[in-house]
Structures are given as C-alpha cells and as structure tokens.
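**Student:** What follows is a structure written as structure tokens; I'll ask about it next.
The values are calculated or read from the model by the stated rules, or taken from the named source; none is laboratory data. These numbers were taken from a predicted model, which means no experiment stands behind them. Heads up, the Cβs are rebuilt from the backbone with ideal geometry, glycines too, and the neighbour counts pull from every protein chain shown. Calculation scope for accessible area: heavy atoms of the full protein, side chains included, ligands and nucleic acids excluded. Shrake-Rupley method; radii C 1.70, N 1.55, O 1.52, S 1.80 Å.
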Amino acid sequence: MRLPGPSLDTQEHLLGWHLASLLYLSFVFVPLFYWPVLPWWVVAVAVGSVAVFLPLYWAFYRAGAKARLWLVLGVAAIGYTVLPFGAGGGTYLIFAAGMLASFLPLWRGVSLTVLLFAVLGIVMITTLPAMAMPVSGFLIHVLVGSIVYAGVLAARSRELRNAELRLTQEEVRRLASLAERERIGRDLHDLLGHTLSVVVLKSQLAARLIEHDARAAQDQIGEVERVSREALTQVREAVAGIRANGLQAELAAARLALLGGEISLDHRLAPVEIPGNIETTLALALRESVTNVLRHARARRVEVELTEESRGGIALRIADDGRGGVAAEGHGLTGMRERLRAIGGVVEIDSPQGGGTRLSLLVPREALSAARRLPPAPPTPTKDKGPALLERGIA
C-alpha cells in the first residue's frame, strides 16, 4: 500500500498539531525524577538533547524526502545517545515514528520504524540497569510509538481524501461552467444566427431597391428595424435566463457551496410545474438564503422543501439548525420580499434565538394562474411585398 498524500506541513491546522505535539518532550525529563541523587550533567544532557532535536524537527517539515529520512535518523540517534544517561531517550524514537508515518509509503515506513525500535530495545537492554525494567519500558515505548504512527497515518489519509474532495468539487464547477458556456453559445447561435442573416439579406435587398422602388426599400428598412428590435428583446430574455438558474441548478450550486462549509443539505421538491418567472424568483431567493446561512447562521444542516399547498399555491421552505435570532432584515431579505411581492407572493420568517431559521416563500394559486396566462408578445404585421422579395433575394 502506498500512501503518498500531501505532506502534513502543507496543512495549516496540521502544522499547529505538530507544534502542540512538542509538549510530549516533557517525557524526556520524566526518568530523571527516579534518580535518588541527580547529577547536574544528567539534566544538562536532557536539556542539550532537546536543544539539538528542535532544529531537526523544525527542518523536517520543510525538507525534501531524502533530507527528511536523514533528519529522522538524526532524531533517532539523539534518543540512542541520551538513553544510557537515564534521560527519556525513547521519547525521540516515538517522534521518529510519527515523522516516518508522515511521508514514507506504508510498508517502507513500518519496516524502518520496526528497525529503529529494535535498535532501541537492544540499547535499553544492554545499557540500562536491571532496576529500570528495560523490557517493560521497551514495550511501553513500542505501544505508544505504534499509536502515534497509526494516528499520523490516519491524519495523512484524511488529508488525502480532503484534497481529492476539493479537486472533485473544482472539477464539478469547471464542468458545470463549461457546460453553461456551451449552452450559452448554442442559444446565442440559434437566437442570433438566423436573425442576423435576415437583417443582412433585407439590408442588401433595400440597397438594391432604393434607386427604382423607394417605397419597397423603405418597407425593407422597416423590416430590418422590427427584426432588430425582436432580436434585442430575445437577447435580453436570454441574458436573464443565463443570470438566473432554475431551482434544480441552484440546488446543485447550493450543495457545493454548503459542502465547502461542512454543512449538509437535504431537499425534497414536489413535481410541480412552475412558470419561468416564478421559478427564477424562487431560485434567487434560495441563493440568497444559502448565502445567509454560510455567512451568519453557523448551521450544520439545511433543509429545502418545495410543496404544493392545499389551495393550489406552492411553498418553498428553507430551514437551518443555526443560531437563529434574525431580528433585523438586511438588504438580502428586503430584496427577497420585494421580488416575491412583484409576483404576488409573500415571505414568512421564523427565527427564534438559538433555534435556527425557517424561511417560507409562499406563492398563491392566483399568482401562479396569472403567470401561466401571460399571453405571448403579438407578432408585428409585415408587408406582403417584403417576404416575396426576400424569398427571391435568398433564391
């Protein structure tokens, strides 16, 4: 099994964990308390070993793989050196085990750790007095070293999974952006390709007619103006559609955003047919709600539910388990109320202190019916002569 992964020092919170682990150096001095008479030079050896260890440990998390291996061997050598003097030299072997787990492949790291502890056992048995119980002390060091090795390995594996998750999220965003650009390109091509061709043909036709049939040329110029205005209206509608996603697309974006904040999202959408302008309004409200959750709520879970009410309306409810206590409405909630009011809906907020926030967006049946009955824009009447001349021009 190979576990390359990112080096632990590249993660800010793990670097802090390594600095906190230096507190374990206190065990270097624990054996000194068992001496009946403590010579000063023994304390000097213990303090000097710590002074030599700290630069090696600090350099370890900034060095390359080859240099790291030599630094680990240097830390182990410090432990072997101070152990015969009665200081806690085995502590440095435990540090060495954690250092090996942070950058070597699994089996290579385990093999080298076993070798270092085997040498530690030999040094303890041959140099420590019998009263120090070297066998039990050796077993304790092996147990603690194994726990440290497994813990660092687990942290490394977790960081690898987090890095893969971040890459996956970035790839999803990239693919979504690419798909959106392709859709925009297709829409604009379908929208403007034919329209601009008609404008060009009618302009050419007007140029040919202007000398011998000014009335017909004027009609064609009028057609150019009409087609151009229709194209402008269609472009504006297309841009509005590009800027505002539907509910499903907005839910996908919300899931990614909340996942980055370690917030889970549960959603239930009833199979309800929603007019385009109302769906756009609800999608924008969902986006604003998710932004508020990320900025202010301190929540761990968000629920989104779209239901069909008994009287024929629809309701979008967004609830979180955050701190609640929304007393004053900011620009986001105010804009949300105004957009809902424009389509005939209302916004209800329930936000007790410490009990999360529940936002309800209610659209009555009358507003849905009015949106569904909106008639399409009537076509502008055209002259008979224009299309006939246009067909001859195209032919």
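**Student:** Restricting the search to segment 189-202, which residues are farther than 14 Å from GLU230 by Cα and surrounded by 14 or more Cβ atoms within 10 Å (Cβ to Cβ)?
**Tutor:** LEU201, LYS202
**Student:** Another question about this same structure. What number goes with the only condition from (1) in contact (Cβ under 8 Å) with a residue 60 or more places away in the chain; (2) open to solvent by 20 Å² or more (accessible area, probe 1.4 Å) that ARG311 does not pass?
**Tutor:** That leaves (1) as the condition not met.
**Student:** On to the next question. Taking LEU22 and the conditions (1) within 29 Å of SER136 (Cβ to Cβ); (2) loosely packed, with under 14 Cβ neighbours inside 10 Å; (3) of a type outside the set (S, T, N, Q); (4) modelled with pLDDT of 75 or more, which numbered condition does it fall short on, given that it satisfies the others?
**Tutor:** Only one criterion is unmet by LEU22, namely (2).
**Student:** Just to confirm my filter: which helices (runs of 4 or more DSSP H) fall fully inside segment 38-116 and include at least 2 residues that are open to solvent by 40 Å² or more (accessible area, probe 1.4 Å)?
**Tutor:** Here the list reads 40-60, 65-82.
**Student:** Could I ask something else about it? Quick one: in segment 315-348, which of the residues that are touching a residue at least 12 places away in the same chain (Cβ under 8 Å) and over 25 Å from ILE263 (Cβ atoms) is least open to solvent (accessible area, probe 1.4 Å)?
**Tutor:** If we take residues in segment 315-348 being touching a residue at least 12 places away in the same chain (Cβ under 8 Å) and over 25 Å from ILE263 (Cβ atoms), then GLY345 is least open to solvent (accessible area, probe 1.4 Å).
**Student:** Taking the stated definitions as given, is VAL272 in contact with a Ser or Thr (Cβ under 6 Å, 6 or more places away or on another chain), β-branched (Val, Ile, Thr) and on the phi < 0 side of the Ramachandran plot?
**Tutor:** Considered against the rule, which asks whether it is in contact with a Ser or Thr (Cβ under 6 Å, 6 or more places away or on another chain), β-branched (Val, Ile, Thr) and on the phi < 0 side of the Ramachandran plot, VAL272 comes out as no.
**Student:** Consider SER146 carefully, then state whether it is within 30 Å of ALA76 (Cβ to Cβ), in a helix (DSSP H, G or I), touching a residue at least 40 places away in the same chain (Cβ under 8 Å) and open to solvent by 60 Å² or more (accessible area, probe 1.4 Å).
**Tutor:** Answer is yes for this residue.
**Student:** Take SER177 and decide whether it is of a type in the set (Gly, Ala, Ser), surrounded by 13 or more Cβ atoms within 10 Å (Cβ to Cβ) and out of contact with any Lys or Arg (no Cβ under 7 Å at 6 or more places or on another chain).
**Tutor:** For SER177, the condition - of a type in the set (Gly, Ala, Ser), surrounded by 13 or more Cβ atoms within 10 Å (Cβ to Cβ) and out of contact with any Lys or Arg (no Cβ under 7 Å at 6 or more places or on another chain) - is not met.
**Student:** Considering only residues that are assigned to a strand (DSSP E or B) and of a type in the set (Ser, Thr, Tyr), look in segment 339-361 and name the one that is farthest from ARG300 (Cα to Cα).
**Tutor:** Per the criteria, the residue is SER360.
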